[in-house]
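The block underneath contains the structure these notes are about, expressed in structure tokens.
Please treat every number below as a calculation from the coordinates, not as lab data. All values reported here derive from a predicted model rather than from experimental measurement. Positions of Cβ are generated from backbone atoms using ideal geometry, with glycine treated the same way; all protein chains shown enter the neighbour counts.
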């Protein structure tokens, strides 16, 4: 047979023929267009073969004029399989409903476990999870994925430094790290305070140690500012951890280039959603057919794995969001570009400074317009803490 699948779909029967003139009978069948295969001889007067279901209805017409006796041994193919399934439809429906219920319950949220959070913070987390639809009894693939839940919790709850979200079976496990945890008391070893860069001292606050600089003194990098050796000239010196803040005026230079014309892409709010079921890497569309009307777009895919009890199936439910984007051109005047470039320089400088540092003056040293860009060289005067610790060893003291 060239294609047994076609015969299986249409249905076929196994026929037993007994009597005399078997070969002649087979020739009559084939001459009249009846297709037979798998012909087998069983003794001298018996053969079996397979034939199509539609032809089996006509075989008895040809047997009447022969000396052969016909009987049907077996019926095969999809028509008979469907009959058997319909006969046992109650059992199959019950089994299908049972499996569907198990699959349905295996993909619901039955627990939310939060560790590492104080009661007040845990209450905020659960309230935010409710807003997102992450609650007991909700289907997992109707909620955001783990990464989305983690990002929204971190963005919306200021008390969190970090939150880890993991889905195990039907339970979400959240590991929380809160902000403003009690700091361990710092222990200090004997040390001096030295200048971490050259500066002019403006103000200071010394908690412990011996000051060795004068007011408004210009100091070099590495110069001793506060000594941890507070012993008397006569007697045994005492080593302490010099502590305090020495604020000095420091100087920075910044180089900034800003194009007057910039092309960038933005989302305009138009989007199209598609829902697929992925089985072994094959996408089967469920909703949202066809291509979007917009040409330029980006695709975000959220995948929800399907579980059966504790096992993860090779099936997933995917939500694809296609967001339209547009290319815009932003143009600055020379004056606008200069102001924005100056603001960029301030922000860049502040990334290198402590929180208690202050910009007291800024001056543009050089300004140019080249190749469609505004180019600025800026000089900043900063007030910042220039003191850093330098350990004192016994050998150094001796």
Any chance you could tell me what percent of the C-alpha pair distances in segment 262-330 go past 19 Å? 46
If you take the beta carbon distance between residue 214 and residue 344 as r and set R0 to 35 Å, what does 1/(1 + (r/R0)^6) give as a FRET efficiency, to the nearest 0.05? 0.40
Exposure proxy ranking, count of Cβ atoms within 10 Å, fewest first, for 144, 298: 298, 144
Evaluate segment 111-178: find the radius of gyration of its Cα atoms, find its Kirkwood radius, and give the ratio Rg to Rh. 0.91
Return, for the Cα atoms of segment 264-398, the radius of gyration and Dmax in Å, separated by a comma. 28.0, 84
In nm, to one decimal, how far is the residue 270 label point from the residue 5 one, both placed 7 Å along Cα→Cβ? 4.1
Rg to Rh quotient for segment 4-81, alpha carbon positions, Kirkwood Rh: 0.96
For segment 213-274, place one equal point scatterer on every Cα, skip the solvent, and apply the Debye formula. What is log10 of I(q)/I(0) at q = 0.16, 0.23 Å⁻¹? -0.82, -1.12
The Cα extents of the chain along the principal axes, largest first and rounded to whole Å, are 138, 60, 43
If R0 = 41 Å, then residue 296 and residue 78, at their Cβ-Cβ distance, give a FRET efficiency to the nearest 0.05 of 0.30
Can you tell me which of 218, 12, 252 moves the most in a GNM of the chain? Springs connect C-alpha atoms under 10 Å apart. 12
Once the Cα atoms of helix 119-132 and of the chain are each reduced to a long axis, what angle between those two axes, in degrees from 0 to 90 to the nearest 10, is obtained? 50
List the relative contact order of segment 4-81 as a percent without decimals, with contacts defined as Cα pairs under 8 Å and 6+ residues apart. 50
How far apart, in nanometres, would the label points at residue 53 and residue 364 be if each is projected 7 angstrom from Cα along the Cα-to-Cβ direction? 8.8
Enter the angle in degrees (range 0 to 90, nearest 10) between the Cα long axis of helix 22-31 and the first principal axis of the Cα atoms of the chain, meaning the one along which they spread out most. 60
Taking only C-alpha pairs under 8 Å that are 6+ residues apart, what is the relative contact order of the chain in percent? 14
Could you list 6, 112, 246, 59 so that the one with the fewest beta carbons within 10 Å of its beta carbon is first and the one with the most is last? 6, 112, 59, 246
Treating the angle as unsigned and between 0 and 90°, give the value, to the nearest 10°, between the Cα long axis of helix 334-350 and the longest Cα principal axis of the chain. 80
Hey, rough spin-label estimate for residue 122 and residue 263, points 7 angstrom out along Cα→Cβ, what's it come to in nanometres? 5.5
Could you check which residue among 225, 353, 61 shows the biggest mean-square fluctuation in a GNM of the chain with a 10 Å Cα cutoff? 61
What residue among 356, 55, 147 shows peak mean-square fluctuation when the chain is described by a Gaussian network model with Cα springs under 10 Å? 55
If packing is taken as the average count of other Cβ atoms within 10 Å, what order do 329-339, 260-270 fall into, highest mean first? 329-339, 260-270
So how much slack lies between residue 303 and residue 175, counting 0.36 nm per residue of separation and subtracting their Cα-Cα distance, in nm? 43.9 nm
Relative contact order (percent) for segment 262-330, with alpha-carbon contacts under 8 angstrom and 6 or more residues of separation? 48
